[in-house]
Amino acid sequence: MCNCSKPITKTECQILRKYVEDPEGRTFIYHVFDGERGLEIAQVPKGINPNQIAIEREFIGSDGLPEWFFVREHPCLYS
């Protein structure tokens, strides 16, 4: 499970659910930014390291390292 220190809205949780239930079986990661960017989701193509996608999309934590979670890891999906 993710260390989800930034809260998301019920609507954002529904958005995550849509990506978890992707009919094509694709893999998605997300990051919650402070401010206007908020929740962002990115597809991870097969054979690509999620860290590479996180760096490209600037999914970076306060420690300067890539910070991302698989969409299926958010606890709102299981409550």
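The values are calculated or read from the model by the stated rules, or taken from the named source; none is laboratory data. What you see is a predicted model; the values in this text were computed from it and never measured. Cβ coordinates were reconstructed from backbone atoms using ideal geometry, including for glycine residues, and neighbour counts include every protein chain displayed. Keep in mind that these areas ignore ligands, DNA and RNA; they rest on the heavy atoms of the full protein, side chains included. Shrake-Rupley method; radii C 1.70, N 1.55, O 1.52, S 1.80 Å.
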TODO: Please give the contour-minus-distance gain from E58 to S79: 0.36 nm per residue of separation, less the Cα-Cα distance, rounded to one decimal in nm.
DONE: 4.7 nm
Open item on the list: Straight-line reach from K46: which aspartates and glutamates fall under 13 Å, measuring Cα to Cα and dropping same-chain residues less than 8 apart?
Closed with: E24
- [ ] Report the label-to-label distance for F70 and K10 in nanometres (one decimal), using points 7 Å from each Cα along the Cα→Cβ vector.
- [x] 2.8 nm
Task: Local electrostatic count at P66 - Lys and Arg +1, Asp and Glu -1, tallied over other residues with Cβ under 12 Å - done: -3
Task: Accessible surface of the chain, 1.4 Å probe, proportion on carbon and sulfur as whole % - done: 49 percent
Open item on the list: Taking percent of Cα pairs over 22 Å apart straight from the coordinates, which label in (i) 18; (ii) 50; (iii) 28 is the correct one?
Closed with: (i)
Task: Length-normalised contact order for the chain - Cα pairs under 8 Å, 6+ apart - percent - done: 36 percent
